[in-house]
Each structure stands twice: as C-alpha cells, then as structure tokens.
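Peer 1: Would you mind keeping the following structure in view while I ask a few things?
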Protein chains: 4
Amino acid sequence: MLNSQLGIGVVGHGYWGPNLVRNFAASPVARVVAVADLDPTRLANCARLNPGVTVTNRYEDLLDNPAIEAIVVATPVQSHYDLALAALKAGKHVLVEKPMAPSGDQARRLIDEADRRRLILMVDHTFLYTPAVRKISELVRQGELGKVYYYDSTRVSLGLFQSDVSVLWDLAVHDLSIIDHILDEAPVAVSATGCRHVAGSPENMAHITLFFESPCVAHVNVNWLSPVKVRQAFIGGSKKMIVYDDMEPTEKIKVYDKGITVDGSPEKAHQLRIGYRAGDMWAPHIPTKEALQSEVEHFVDCVRNGAQPLCDGWSALRVIEVLEAASRSVAEHGAPVALGHPAPARHKATA
Amino acid sequence: MLNSQLGIGVVGHGYWGPNLVRNFAASPVARVVAVADLDPTRLANCARLNPGVTVTNRYEDLLDNPAIEAIVVATPVQSHYDLALAALKAGKHVLVEKPMAPSGDQARRLIDEADRRRLILMVDHTFLYTPAVRKISELVRQGELGKVYYYDSTRVSLGLFQSDVSVLWDLAVHDLSIIDHILDEAPVAVSATGCRHVAGSPENMAHITLFFESPCVAHVNVNWLSPVKVRQAFIGGSKKMIVYDDMEPTEKIKVYDKGITVDGSPEKAHQLRIGYRAGDMWAPHIPTKEALQSEVEHFVDCVRNGAQPLCDGWSALRVIEVLEAASRSVAEHGAPVALGHPAPARHKATA
Amino acid sequence: MLNSQLGIGVVGHGYWGPNLVRNFAASPVARVVAVADLDPTRLANCARLNPGVTVTNRYEDLLDNPAIEAIVVATPVQSHYDLALAALKAGKHVLVEKPMAPSGDQARRLIDEADRRRLILMVDHTFLYTPAVRKISELVRQGELGKVYYYDSTRVSLGLFQSDVSVLWDLAVHDLSIIDHILDEAPVAVSATGCRHVAGSPENMAHITLFFESPCVAHVNVNWLSPVKVRQAFIGGSKKMIVYDDMEPTEKIKVYDKGITVDGSPEKAHQLRIGYRAGDMWAPHIPTKEALQSEVEHFVDCVRNGAQPLCDGWSALRVIEVLEAASRSVAEHGAPVALGHPAPARHKATA
Amino acid sequence: MLNSQLGIGVVGHGYWGPNLVRNFAASPVARVVAVADLDPTRLANCARLNPGVTVTNRYEDLLDNPAIEAIVVATPVQSHYDLALAALKAGKHVLVEKPMAPSGDQARRLIDEADRRRLILMVDHTFLYTPAVRKISELVRQGELGKVYYYDSTRVSLGLFQSDVSVLWDLAVHDLSIIDHILDEAPVAVSATGCRHVAGSPENMAHITLFFESPCVAHVNVNWLSPVKVRQAFIGGSKKMIVYDDMEPTEKIKVYDKGITVDGSPEKAHQLRIGYRAGDMWAPHIPTKEALQSEVEHFVDCVRNGAQPLCDGWSALRVIEVLEAASRSVAEHGAPVALGHPAPARHKATA
C-alpha cells in the first residue's frame, strides 16, 4: 500500500534542484525521499538543508527504492534523456527540467516509453504555472480576446551568456511553451534570424516568427545583450488585446478593450473603412502564489488522480521541434522551415 | 540676381504640405512664392492662411516662375516621380516627401537627373532632423558606443491603417532611414515576415531583419494593431548601449555604460569567460527645436552653400531598395533577399 | 429678440483670452461679437485671427453693445472685480478667469450682484471640465469609492515662477477647486507650510492640509522648483482608491479595488484585526474632448437653459477662502486657521 | 586576549533579529556567540539555523559571557531602554534597533551611559547604509547639488497598520534619519498633520514639514492606506536636483542638471528675472550590496578601530525628538512645535 504522500526522488542538486526539493518538501501531498548528485559538496549541502532526506551519489539507489514513485530530473540537458528513460523503465513517473531533451527524436522516445507504461511524463516549463500565464490562458479560452491575431514578445536583458546553447534554447523556449499553451493551433512554419557578437559563442540575439494556418502570427525577440531588462508580450485579438509585463510587481496583465472595426467587403479593399475602438483598460488581480509550488502540487495531482500536465511530453516535443526548426532557419538567414511532422492533436489541460 | 531669400514653390497642400509651407514661411532665409494644388478648397484655405502667397491649380505656373528656385513635392507617393522630374528639368532644386518614389528605378532616374543638372535633390525623412536622432548620430560617430552590434526598434500603435501601402512603407520607413543614417555600412540582405489581419488590406504587422557584412544586425518591429503606442529603439554597442524612447517627453535618449567583456580566444569557446559590466546611465539634454524647422533651414543651406542633405537621393534610394526587398521577403515567408546592387559609397552629412 | 447664438464679448486677449475666443467661436451656440484689450498689438492680432469680430480698446463698447449678452473676463486677477462688477451692472452674464478675485470680500460682492440681478456668474476653473475630473466626480458620486478618506495631490514642475502670486494661488488653486467639487463637505480648517528659495519672491513651494469634520483629509503639494513634472493625485476611499495621473497620455485614471477591512470594535483597539484587500485595477476610457470646449458650451447652457455652473460664484469663493487661510497659515509656520464663515450649503451641479 | 572576531550576543529573534544574526554570521570579522529570546519556538528555530550558536532564554547569560563584546538589541521598542542600559552597564558595546527608545529622555540616558563608559552605541537605521543613500550623501557633501533647498519624500503603501505606533514612528522615521544624515543643519521646528481612518487606531496618514534656520525645508508624506507603493524623494539644490526612487530596480538615483537662475537684486522683486536651466540627467551606478551587511561590518569597525557610526546615539536622539515634536503638532492640527533643546553639534561620519 502506497503512502498517501507521493514519494519523490530528485536527481541533480545544482542550480534549480534545490528549488524543486524545497517545493516538494513544503507540499503536504509529497515527500522527498532521496536526492542523488555526483558532487559530494552538493550532497552535503542538501543533507544539511534537509535533515530527513537520504543523499546518494548513485542514481540507481533512486531507481531501486520502492518508496520513490516519481523521479525529478534536474540535471544538464544532455543527460535528460538517459536519466528520464531509466526512471520510466524503473516504473517511476517523471518530472524533467526543460527542455525535455536536446532533440525531438529523444523526446519522442521518452513520450513512447511513458505512454506504453502509462506513466506521467511532465516537463518543467514553470512559466505555465505562473498566475499571470494562468490568467492569460483563461482569458483566451473564455474568448475575451476574440480571435487571437498575434503574440509578440520581447525577452531581453544583459546576460547570462550560455556557452552550450543559443539564446533560442535559453530564453525563447519560455515564450514557445506559453504560445503552445495559450493558442489552440500549432505553427506550420518558422522563420528566424540570429546573430552572435562574441566569436565562438552561440547566437546571443534572435528574432523568431511562427506562421500558422490562420492569419495568427507569433514573434519572439530574445537578446542576452540588452541595456535594460524587458519581459513583455503583446497579445492582440479581434475583440481585446493584452499587454503582459512580467517586470511589473503587481499589474502584470493589462487587458485593453481596443481594436478595429471593419466595414465593407474584402473584395472591395479600396472601399474598406477601418474604424478604431478605444475602451477601458482592466488589470485583473494576479495572486502571488509561487509558480513552482502550483506545479509540484499539480504533478502530484496528475500522478494520483489522473489530472493532465499543463506541459506533457507532446507539448514539450512541439516546443523542441520549433527550436530545432528555428535553429535551422537562423543558419539560413531567415529562410522558412516547415514544421513537417506536427505533433498529434493536443489535449490541453487546465490546472 | 537672386533674392537673398530662397524662393520656394510647394505642390500639394494636403496633410503635410501646410507644415512645410509654415516652416519655410517662418524661415528668414526662405520665402514661399506659390503653392499649387488641384483642390480648390485647399487652395482657398492656403490663401487665407498665407496672404502673400500665390495659389494656383496649375503646376506649370510653379515651373515657369523664375522667382521659384526650389520646389517642394508634398503629394501622394504615386505622383512624386513625375512632379519631381519636371521640377528638375525646369532647373529647380527639389525637396520631396518620403518615400522619394514608389520604386527604386524611378528613384535612380531622379538621382541621375539631379546629378546631371547639379541640383539639390533632398528627401523629407524628417526623423533625421529630430534632435534625438541628431544626438544618436553624433554619439555613434564619436565612437561612444564602440562597434555597433545592433539596432532593434519597436514602432507600434493602434492605427492608422493605410489602404495603399503596407505597414513597411508607412512605419518601417522611418527606422530604415535612421539605420541608413547612423550606421556606416549598408545592409547586404533582408529577411522579413508580415501578416494581414484585415482581408483585402496590406500587411498591418511586420518584422524585418537587416543583415550586414559585419556581425551588426538591425531589426524593426512595426504594427498598426497594438494596444499601446511604442516608439522605442535599443542600440547596442561594444562599449555602451542606447535606449531611444520617442514617447518620453524629455529624456528620449538614455546611454547605458553597460556591456560584456570577453576573456579567452574564440578558438576555445568552451573556455570563454564572459563578464558583465554595469556602470552609469546618462540622458543627454535634448533640445526641443522642431525637426522640420531644422530641415528647411538645412535645405536652404544645401542650395545656397553647398551643404549636403542628411537624406539625399542616394540614401533615400537605399531605403526604397530595402523596402522593396523586405516586401519580397514577406511574400516568401522570411526567405532572405539579397540587396544585389548596393547604392554607391555613401557620403554622410552632418547637419 | 435675441439671436439664437449667445452674443459674447471678451475683455483681455493676452495668454488665455485667445483660447476662450477660439472655443466660443467654434461653438455653434455662441458668437464672439467683440473683443476689448488695451494693447494695440493684441487687438491687431485678434482682428487678423478673427475676421468677423469687432475689436476695441474701450471696455465700455462691450457694456453698451446690446448684441452682447455675456462678458468673458480674461485679464489679470487685480482687475477681475471691477470688470466683472461693471459687466453685471450692465446686465451681462459673466464668465471670469480663476481666481475670481484677489479677496473673499470682493468675491462675495460679485456673488451678491449676480444673485440680485439673476445673472449667471461662472468662474473658469477649467480642470472641472476635463474628462478625467468629470469621471472622478462621477465615480465619487456613484459611491464607487465608498466613504472618501483622503485626496492627496502632487503638482510640481520646474517653473514658471510668478512674481505677483505664490505657488498656492498659481498651482494649488487647481486642486482646491477639484476638492471642492468632488467632496460633499467643506473644509473647516487649514494648515499650510511654504518656503521661498528666491529672496524677494513669493513662496515657490508649499504643502497644504485641509481638515474636515469627518475623518477625511486633503493634502496638496505644490512646487515650482521640481526636477520633473508631476501631476498626480491619490484619492482613497473605504471601498476603492483612485490614482489620477494627468501626465499619462491615455490612462489618466486608475481605480484600484483595494483597501482594508476592520474586525473588532473601536473600544478594544488592541484587539483590532486589520485585513488587506487587493483586487483588480480598472482604467476607464477617458474621452479626449477639450475641457474648454465643454466649458463654453456649458456656460451657454447655463445662460440659456438655467443649467448650473460646475464652478459658480460660491464654489469659487470657497476656493479663495481656503487660499487666504492657507496663506495666513504659511505665515505662521503651519498653525491651523479655521474657516470661520463657511460659504452656504453648496448646490453641486453636474455637467 | 580578545579573539580577532568580534563576539556578538543578540537579544530578540523575532522579525528582524534573524537578519542581524545572518549578517553577523556571514561577516569574517564577527562571530555570533549567543542568542537570547523568551520564546522557546524562536530559540529552537535559531538553534536549527545556526548550529554553533548558544541559545538561551536568560538575557543575563549574554551579559555575563566574557566572549561577548557587543550586544545587539532586536526586541520591541518598549524594552530597548532596559536591555541596552543593562548591556552598557555590563561593559558591552550596543547596536540597537530603531527607534533607539520610545522617548528622548531615555535616549539621552543611554547616550550618557555609553559616553561615560566609552562604549559604542549605534542605532540600526539601516537605510543609511543602503548604497543609494550612501551615494546621495556623497553627492551632497561634494557640493554637487549646491545649496540644498528641500527634501520632499513620499513613502506610502497599503499596510501594514501597526497597533502600537503611528505611521510617523513606523515610516517617517526612515526619512527623518536620512534627512538628519544628509543635511548639515538640524531642524528648528516641526509642523505636522495626521489622520486616522480606523477608529481606535493610531494615525495611518501624516504629512510633516521640518523648518530650518536656512531656507531649506523638508517634507515627508507617509500613508499606510495607499493604492500603490511609492518610495520616492525629491532633493532640490541650487545647482542640481535628485530624484531618489527606491522602487526602481537599478536606477534608484537620478541627478538632474536643472534649476533656476536669478538676475536682479532681492530688493527689486518686481524686476527679478528668473531663468530656467535644463541640462543632462545622470543616474550613477548603484552597487547592490546588502545594506545590513555594510552596517554590521561598520559596527565592528567602530568597535575595533574607532570608526564613527553613521547613526550614533546623538543622531538617533535627534530623530526621536523630531518624532515627539511631530506627534505633538499632529495633536494640534499642524501648530508648529519648536525643537527647543537641539542635540549638540553633530559629528557626521562617512562609512
């Protein structure tokens, strides 16, 4: 008989792992059983902070421990595939850091493995669990914006240059997962441009356009070399428009009752009369709950009660496919790259 | 013997023409002799506002008038070529609204005509004469920014949808002329994407990337369907970076003493150590002189004293070539379009 | 028989007079008959701008003209009393610049004269006709804020130092008229402090507190020597709170659904439990109509149809009484000055 | 022989105490020997977080411990006097939370005791050690602002209502210590007004004016019931002016090269010509070092090397005297209260 608290094993106690341990430990519905890491200093640190948790430098100890029902993979991306696959094969549910894997092929194999074993495979795109993105998602689904015309994001700041991945995989990944989550169609092609200002380093600046079958368009501007920090997305709809500014301490989302009205038929373009509508602005109250706390609770809910992750393997795969296509387009100076094998019809979940 | 005041004829007294008339009339070094327009109401209005100015519905009256040394063309873009060409053939200097012509071919013929007759051909890219762009240009030329890494602009608002030209020709044109002015190299290729949200209308939203031979990159984001008005450009350099916000009433330019430092050789990328430098911010005082006033004074100075226009025919042509290339790239979903016949080496002027 | 358009005479064509002439001239329900000024240059300028208007340097010409039913006094404050009184005695309705008179005594005599002759006496506190203040007034009257707890305003900028009046009479006057308009009780005492940083000049910086019988309080911070321009008022209520920022181009009013909740009885203060409520923010659309246009139309409506001015003689008198008391308090370093003879019960009008 | 690390005892491990313990523990020049608190839960918590620290519910244990050279008092204000006095009598240096004592009389006795025993008595006005206030202080002392004309601060937010002290003692205390620190003269009188919106509670909103012998003036606006959080001070000088915005993440201080110029003699006020000067704005880089870390290091430096506290007993006393005077003025609706017994000539320290 299983304990009512979900037994958690965490592999990787570097930059992000401690946050995951802390949030699982704080949850009444989960229990951190053991943490594995190859670095003795990190293990000692973990043991000090978490007296009741077993620490080990052998990942196998987690796989073999029957008290552990789910494994959290918080290691560098290159090891995600091997560690997550081993966990699934050991019958453990998996929560893995984003991006799920360095390639779409590996991501697909993890999805297959989880599907076959009927295990939860969830990817830690934390932004999806922020109160702000929850609210945007809710507004879009309720039809508040009408038809979504565009998502246009700027995510720039000074640093931190990564040496192994480009700014696409580091920063654009956030917007791509948000776009995947809030829009109800998948992109069909990508055009992207990028630039490296430090010789020998990956691109530190990029612009990505996603094309859809509908007239909707998405654009993401990312830059590691900006004088000021900007985290802002404009979301335009046929009825209303949103400005989402994550740097605002409280009013992160502003909903504008603004737009255009069109008279006349499209066949007679020269007779089109376009009117402008300017109404109220409204900033819904955004609660301040920590996103990671919501996420770990939802992960337990998925494992225990069959809830569906906001970011399951398929959505994480779609994000990776866009990143791969965008990287190819960057290499070809913006030439469009079709997203040829779209992921299957999505099953959107709401937390 | 010529009057010491430059005799001006203006054709077109619609939206922008009255501003040109007002500024030439206010200048001590110029005199508005006559204004031509086909619309009797506009002519009557012009006569009422400018008692001493002759009004006519015959453009030929301007061409034939020996007291008119220069003609200002402020009509819709489709008529720019014919009117400007006639003026040049009549031996008049020309100041023409932007864009100079609807095609690069026509622009080239105007340049040829002016060159052969040694007449001034200046294009009214007013932004170049704003105190803010003057200051940016000065800072770049003085080397304050070091090597320019990028120019990244957002120019979005709600309206005004144009029926005959896309948002590229309406809004991006401003940034393209600024880029042409402040950078000392010309772009070699363009990738652009765009979207139309009103069936039968031109693109109302676009993103343009300009590639250069150096690692410098320029990007322009334009949109007629934005919930809020943004007029902001980030200009990154190896030494300093600028935020240019034209919506700020006074501190339009902020210069950040921020950037990165690189240790190690490019061959050993994995050993690169990138450091971050954060210093003071500085907002130089920007005078409030009206740009158009500076521009008309400079036009007279070009005609009388051989000064060089900030936007001569060649720079206006380069802007048109980028617009044409960007429009083709939009039609091909971002495929890069080379700028095959670059305009000749530029001769930058400073006001 | 009177013309259906109200015949207007304007005395004073200096800084503000031309705006009044322009707005009356633009109104379909009024007609500017004549303008008087002692300065020939101003008269000539007026004649040029307004071809159909009679100009004169004799004020008596306006008083004697039967086509003039109402006189607008736009001269320096020292002459308001004599000119307005003469107009009333000649049977003309009066719209007078703010402040109505340099003293409460003179203001009372104008009110008496207008009352006895049943003429309209309106004072040009233009802010009351701005769409933003109209909206605030509407929200307060509808009870949206609950009980008003405070009005706290900052109105500071660099310049323009006046030589004849202090910053109280120049800047605070705006807030005092807004406070008088939106609150439904009159202040009972004033404490104010001020400072002069240029020897021999009037106070250039002041802080005023208005006390009411209820726990409501009002405070106004005015300063001619501020590095940046601020025009901001916070209005706190038991249910909601407003931030009114007149420097915002569009969202001038933000309504916050925030506040406190109190449990427990006042007798047991140490047991009070104060809770905090944070809800949505809402920025109602503010139309962009020019305030002066609304005001001149309302003035005509008052004369023709018996509408009541937003700022009649009594409310202007209350503002002057507060200014006089505040000036005395400044001289006594903040000692409270009672408002001993409150103006009679107010009759609030809504445009 | 004393250990080279300063031995610290802390009394009070409630809200602020843990921060002091953490910062002393992190300092290489200090060592937390023991912590006293009456609450067993807090002691247990302290012991868990700080394995090597002795915990006790007997304050005497700290006084008797020869390894403890200095005592930090972080208890509620009512107990400051008794605890600090006992520490001084036991020969310990003292760092006490602000405000130093609930009355000026008690503050004076602590100062006397420390003076007589030649012990350091420092008060934890943490703001003085923030990099922003350090920079402002430096600019003022270097004469960058010229003669200081005013300090005008707004410190408002929603919550936290205190039940035992008014908003003066809770929020204005910060500005009063900053004013005491950066100005080189002490105020001679105070006028203050306040208001309580919750019956039975202390004032939740207040405005304080400080008068000086020079034309300098200081004003502080504090409010627990504001819809938005503001932490902003304007500091005007004869040469430059500062806007200090503590809510800004990076550019907390902006220095404006703006001001007025005066022509003419004060005797002929009507002939005064006041000009306006608008130059550059400059935001010096502000390091991000935690203020409390700087403060504990400086405390050790004071004890060990005879450095002088930024906030010694005398400056803390001056702040308390202003708070007492302001409270009296509030009770009298703004009547000015003289600061009759000014603290002795100050000895300003710089960290």
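Peer 1: Being at pLDDT 95 or above and in contact with a Cys (Cβ under 8 Å, 6 or more places away or on another chain) is the filter here, so list the residues in region C:152-191 that pass it.
Peer 2: Answer for region C:152-191, where residues must be at pLDDT 95 or above and in contact with a Cys (Cβ under 8 Å, 6 or more places away or on another chain): C:Ser177, C:His181, C:Leu183.
Peer 1: While we're on this one: Please give the number of the condition A:Val123 fails out of (1) more than 14 Å from chain B (Cβ to nearest Cβ); (2) modelled with pLDDT under 95.
Peer 2: Single failed check for A:Val123: (2).
Peer 1: Give C:Arg328, C:Arg318 a once-over and let me know the one that is charged (D, E, K, R), within 14 Å of chain D (Cβ to nearest Cβ) and in a helix (DSSP H, G or I).
Peer 2: Residue meeting the stated conditions: C:Arg328.
Peer 1: Counting residues that are at negative phi and free of Cβ contacts under 8 Å to residues at least 12 places away in the same chain, which helices (runs of 4 or more DSSP H) fully inside region A:1-117 reach at least 3?
Peer 2: Those helices (runs of 4 or more DSSP H) span A:40-49, A:104-117.
Peer 1: Looking only at region B:202-215, filter to residues that are more than 21 Å from A:Ile235 (Cα to Cα) and at the interface with another protein chain (Cβ under 8 Å from one of its Cβ atoms); which one of those is modelled with the lowest pLDDT? So that I can check it myself, show each step before the final result.
Peer 2: Of region B:202-215, the ones more than 21 Å from A:Ile235 (Cα to Cα) are B:209-215.
After this cut, where a residue has to be at the interface with another protein chain (Cβ under 8 Å from one of its Cβ atoms) as well, the list is B:209, B:211, B:215.
Values: B:Thr209: 98, B:Phe211: 98, B:Pro215: 92.
Restricting to residues being more than 21 Å from A:Ile235 (Cα to Cα) and at the interface with another protein chain (Cβ under 8 Å from one of its Cβ atoms), the top hit is B:Pro215.
Peer 1: While we're looking at this one, here's another question. Can you name the condition, by its number, that D:Ala199 falls short on among (1) among the hydrophobic types (A, V, I, L, M, F, W, C); (2) more than 9 Å from chain C (Cβ to nearest Cβ); (3) surrounded by fewer than 16 Cβ atoms within 10 Å (Cβ to Cβ)?
Peer 2: (2)
Peer 1: Evaluate the following for A:Ala192: is it surrounded by 22 or more Cβ atoms within 10 Å (Cβ to Cβ) and facing chain B (nearest Cβ under 10 Å)?
Peer 2: Judged against the criteria, A:Ala192 is a match.
Peer 1: Okay, moving on. Report, by residue number, each residue of region A:223-253 that is more than 8 Å from chain B (Cβ to nearest Cβ) and assigned to a strand (DSSP E or B).
Peer 2: The answer is A:Lys229, A:Val230, A:Arg231, A:Gln232, A:Ala233, A:Ile235, A:Gly237, A:Tyr244, A:Asp245, A:Ile253.
Peer 1: Quick check on region C:90-109. Is at least one of its residues surrounded by 23 or more Cβ atoms within 10 Å (Cβ to Cβ), over 12 Å from C:Ala316 (Cβ atoms) and not assigned by TED's automatic domain parsing to the domain that holds C:Ser201?
Peer 2: Yes, some residue in region C:90-109 is surrounded by 23 or more Cβ atoms within 10 Å (Cβ to Cβ), over 12 Å from C:Ala316 (Cβ atoms) and not assigned by TED's automatic domain parsing to the domain that holds C:Ser201.
Peer 1: Here is a list: C:Val77, C:Val55, C:Val94, C:Val33. Which entry is of a type in the set (Val, Ile, Thr) and under 27 Å from C:Ser163 (Cα atoms)?
Peer 2: C:Val77
Peer 1: Have a look at C:Ser157, C:Ser153 and point out the one that is among the hydroxyl-bearing types (Ser, Thr, Tyr), crowded, with 24+ Cβ neighbours inside 10 Å and in contact (Cβ under 8 Å) with a residue 60 or more places away in the chain.
Peer 2: Details: C:Ser157 fails: crowded, with 24+ Cβ neighbours inside 10 Å.
That would be C:Ser153, the only listed residue that is among the hydroxyl-bearing types (Ser, Thr, Tyr), crowded, with 24+ Cβ neighbours inside 10 Å and in contact (Cβ under 8 Å) with a residue 60 or more places away in the chain.
Peer 1: I need the full set of residues from region C:236-254 which are out of contact with any Pro (no Cβ under 7 Å at 6 or more places or on another chain) and either without any contact (Cβ under 8 Å) to a residue 60 or more places away in the chain or aliphatic (A, V, I, L, M) (or both), in order please.
Peer 2: Listed by number, the residues that qualify are C:Ile242, C:Asp245, C:Met247, C:Glu248, C:Pro249, C:Thr250, C:Glu251, C:Lys254.
Peer 1: When you go through B:Leu168, B:Leu158 one by one, which is the residue that is in contact with a Lys or Arg (Cβ under 7 Å, 6 or more places away or on another chain) and over 18 Å from B:Phe234 (Cα atoms)? Explain how you work it out, then say what you get.
Peer 2: On the way: B:Leu168 fails: in contact with a Lys or Arg (Cβ under 7 Å, 6 or more places away or on another chain).
Residue meeting the stated conditions: B:Leu158.
Peer 1: Then there is this: Among the residues of region D:127-161, count how many are more than 10 Å from every other protein chain (Cβ to nearest Cβ) and in a loop (DSSP other than H, G, I, E, B).
Peer 2: Residues flagged as more than 10 Å from every other protein chain (Cβ to nearest Cβ) and in a loop (DSSP other than H, G, I, E, B) within region D:127-161 amount to 6.
Peer 1: Here is a list: B:Asp180, B:Asp164, B:Asp170. Which entry is away from every other protein chain (no Cβ under 12 Å) and surrounded by fewer than 24 Cβ atoms within 10 Å (Cβ to Cβ)?
Peer 2: Of the residues listed, the single one that is away from every other protein chain (no Cβ under 12 Å) and surrounded by fewer than 24 Cβ atoms within 10 Å (Cβ to Cβ) is B:Asp170.
Peer 1: Still on this model: Which of the numbered conditions does B:Ser294 fail, given that it passes all the others? Conditions: (1) part of a helix (DSSP H, G or I); (2) more than 14 Å from chain A (Cβ to nearest Cβ); (3) over 15 Å from the mean Cα position of the chain (by Cα); (4) not hydrophobic (A, V, I, L, M, F, W, C).
Peer 2: (3)
Peer 1: Something else now. Among D:Ala291, D:Ala218, which is touching a residue at least 12 places away in the same chain (Cβ under 8 Å), under 30 Å from D:Val21 (Cβ atoms) and touching a Phe, Trp or Tyr at 6+ places or on another chain (Cβ under 9 Å)? Quick ask: steps written out before the conclusion?
Peer 2: Details: D:Ala218 fails: under 30 Å from D:Val21 (Cβ atoms).
Exactly one of D:Ala291, D:Ala218 is touching a residue at least 12 places away in the same chain (Cβ under 8 Å), under 30 Å from D:Val21 (Cβ atoms) and touching a Phe, Trp or Tyr at 6+ places or on another chain (Cβ under 9 Å), namely D:Ala291.
Peer 1: For region D:184-208, what are the residues that are outside any loop (DSSP other than H, G, I, E, B), within 30 Å of D:Lys147 (Cβ to Cβ) and touching a residue at least 40 places away in the same chain (Cβ under 8 Å)?
Peer 2: Once the filter is applied, which keeps residues that are outside any loop (DSSP other than H, G, I, E, B), within 30 Å of D:Lys147 (Cβ to Cβ) and touching a residue at least 40 places away in the same chain (Cβ under 8 Å), region D:184-208 yields D:Ala189, D:Val190, D:Ser191, D:Ala192, D:Thr193, D:Ala206, D:Ile208.
Peer 1: Exactly one condition in (1) under 16 Å from B:Phe234 (Cβ atoms); (2) at the interface with chain B (Cβ under 9 Å from one of its Cβ atoms) is not met by A:Val220; state its number.
Peer 2: Result: A:Val220 passes all but (2).
The values are calculated or read from the model by the stated rules, or taken from the named source; none is laboratory data. Here the structure is a predicted model, which means the values were calculated and not measured. Glycine also receives a Cβ, built like all others from the backbone with ideal geometry; neighbour counts cover every protein chain displayed.
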